[in-house]
């Protein structure tokens, strides 16, 4: 399309208000709950200006950026209200718009009041990629937004013009870390330190930090370890015009929450119990009363501005009050005068193993029982050393009990639990049953040790090509493996397993056996016959919500799929139609 035609298209879009709002979810990385949505805009479908990059670039060239931005803002708010989306709405605002004559103060507030949307649910995102005006006008406008009840956020922190200077001047409630620092953060030690520093500053300034552009589970895991509390990106949900209606987004939400719930089970958050607290400035008399009312409590956290600064222990207070005139002399003393600061204070996302290491690294004489748990530095609960040891022991026993001893992959019990959980949440998933062809003859001729090595080969190849953060891998016994796939990637992943297996299995035969193409061994009827080289059969079933009632029905259908795949012979992956009970397609046969 020529430049003139593109310009005409832009003017047509503005005249017809042909903008479609898209929404990308933002999650609380501790709880997995939805925190809000960022509003994004697209031009007409099929147009050269459908892309926001092209659309906004052309608008800026034609001095129509502010008109376009205000149109996008209005459209986003109206659609947000129509969809009744939960959480906060993040609206992008270019810094130059704030001082523009086209920026009508009160316009946004009028729309919100008309649609009955609370101002505190609106976040104005200032992009750091555009130079911020330092003449006071923009600063006054930001304060005007804040006084009206809006939240202020800095977008794309780390790229652009002003960096930490903008942060210090605007003092936003929210800061978004640019995706440059998020990409490969799990592998780049420099990026880790930058993110860690931003999180530390955010905690001290009581500012929410959001990581943008999270695209892999590994990045997500690393960000949680670094203390990032909120995030958005493709791994959590893509931008969509109808987030509540898109099946893939619903699946992403479900999977994300399940990942977060697993994270909570493995983190110190699982130890958190509600324990009465006291604020600095209260009297020891009140602490004594709390201990009397709650005989099971051995220590009381002391808070200052909702942040823990230490504990008062029952034994220490009892010792003080039991001395002659002790109660009379000290009951009106400030609790902060007696607190001890040797209790371990940790953020809720820290793993149980990390907390255990921190405790055991303490000097034996100062090892204490209390674990105070915080979120963004604020007290949420308290655990104990006893609870920590119990939780770690239970997790280890559970893992050891239900894992296959040869591959250490989850066995039948975790698999059945996973299937039942997915059916209870009405998920749409694929289940793949992996089984070796001619395994018994190979085992008889080459020995059980060689057979074990082949089984471990299959397990390693599945782990190599299947992301365990998104899908579920299990080894249910012998040479049988089952994988639950959460999306359509099952075929490509299974193809890679088969290709690598066809090459890798050759190392487990002698040159003579490879030349012959197999081995001579007794069959199931006790007769000697020739058996081909080992191959891998994969039967796959697509299970829709409410198609099965429990894991027993799923297991029966998966077994039928496996049998159908084995009939094909060779390294085969096929999709099995559970309704028609026949093979639909073969992904790979060789």
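Bear in mind that the values in this text are calculations on the coordinates, not laboratory data. Model, not experiment: these values are computed from the prediction. Every residue, glycine as well, gets a Cβ built from its backbone with ideal geometry; the counts of neighbours run over all protein chains shown.
Give the percent of DSSP beta bridges with both residues in the chain that are antiparallel, rounded to the nearest 5. If you can, show how the numbers build up before the last one.
On the way: 58 of 92 bridges.
That works out to approximately 65 percent antiparallel.
Panel order for 512, 319, 282, by other beta carbons found within 10 Å of each beta carbon, from fewest to most: 512, 319, 282.
For 456, 84, 562, the sequence from fewest to most other C-beta atoms within 10 Å is 84, 456, 562. First check a/c for segment 379-488, with a ≥ b ≥ c the square roots of the eigenvalues of its C-alpha gyration tensor; if it is under 1.5, answer rounded, and if not, answer prolate when a/b is larger than b/c or oblate otherwise. Because a/c hits 1.5 or more and a/b fails to exceed b/c, segment 379-488 counts as oblate. First check a/c for segment 2-62, with a ≥ b ≥ c the square roots of the eigenvalues of its C-alpha gyration tensor; if it is under 1.5, answer rounded, and if not, answer prolate when a/b is larger than b/c or oblate otherwise. The shape class here is prolate. Here each label is just a point 7 Å from Cα along the line to Cβ, and for residue 450 and residue 496 those points are 3.0 nm apart. Across segment 271-387, the convex hull enclosing all Cα atoms gives 97 Å³ per residue. The distance between label points at residue 327 and residue 17 comes to 7.3 nm (points 7 Å beyond Cα on the Cα→Cβ vector).
The candidate values were (i) 25.6; (ii) 28.3; (iii) 37.5; the one computed from these coordinates for mean projected area of the Cα convex hull in nm² carries the label (iii). Centre-to-centre, using Cα atoms only, segment 371-410 and segment 459-505 are separated by 28 Å.
Working from Cα pairs under 8 Å separated by at least six residues, relative contact order for segment 400-589 is 26 percent.
Values of log10 I(q)/I(0) for segment 400-589 across q = 0.10, 0.11 Å⁻¹ run -0.40, -0.48, by the Debye formula with one identical scatterer at each alpha carbon and no solvent. By DSSP, the beta bridges lying fully in segment 400-589 are antiparallel in about 85 percent of cases. Annotation for segment 511-546 versus segment 195-220: alpha-carbon center distance of 51 Å. Peptides 433-446, 541-554, ordered by how many other C-beta atoms sit within 10 Å of their residues on average, highest first, read 433-446, 541-554.
Ranked highest first by average number of other Cβ atoms within 10 Å, how do 225-238, 479-492 line up?
On the way: 225-238: 21.1, 479-492: 19.2.
In decreasing order of mean packing, 225-238, 479-492 become 225-238, 479-492.
Most simply put, segment 271-387 has about 70% antiparallel DSSP beta bridges, counting only bridges with both residues inside it.
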